[in-house]
1. Can you give the Kirkwood hydrodynamic radius of the range 68-153 from its Cα pairs, in Å with one decimal?
2. Among Arg45, Arg27, which comes first, second and so on when ranked by fewest other beta-carbon atoms within 10 Å?
3. Taking R0 as 41 Å, what's the FRET efficiency between Glu105 and Asn83 from their Cβ-Cβ distance, rounded to 0.05?
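Please treat every number below as a calculation from the coordinates, not as lab data. Quick caveat, the model's predicted, so the values are computed rather than measured. Note that we place each Cβ from the backbone using ideal geometry, even for glycine, and neighbour counts take in every protein chain shown.
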Amino acid sequence: MAVDTTNAFNNYATTAVTDASSTATSRGTKIVKQGNDMDKNAFLRILTTEMSNQNPDNPADSTQYVAQLAQFSSLEQMTNLNNTMTLSGAASLIGKTVVLKSVDENGNFISGTVKSVTKNGDNVNLNIDVTENGKTESKDFAYSDIYQISSNS
């Protein structure tokens with residue numbers, strides 16, 4: 001268990017107790033586990049909490065808040081661009097043969113022709129026609145599972 005008793009941004013003391021099973025701090029703030037990203041709503045909640053809990057005798061400089069918001073806005077735009085480019089890259093694979101990192105029951109890399117692309121949240125999936133044991137069937141795989149791409153020319 002770790003106890004953090006400082007908040008450097010506002011220079012006031014808080015107590016946040018965390019351990020492996022905690023989902024929130026003692027004040028109710030959600031703890032984000034590794035692999036879980038913070039979204040813009042979480043950032044705005046933190047910013048609002050910082051503003052409402054600042055020391056009235058020593059208020060934070062408003063330019064700091066504006067700078068944080070501008071940085072977050074820029075980061076959000078880059079994330080959106082990355083998501084768009086990922087989807088565009090996946091869509092360009094339609095009709096191409098791909099080899100995946102996954103293996104079949106014989107230990108051979110799975111390969112097939114990309115038939116369609118779907119996006120569910122941040123996940124991009126490919127629907128691929130895969131031939132196993134002489135039978136062709138469509139299966140879904142994550143875009144990140146691609147090992148090799150070859151054109152069908």
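1. 14.2 Å
2. Arg27, Arg45
3. Once rounded, the FRET efficiency stands at 0.75.
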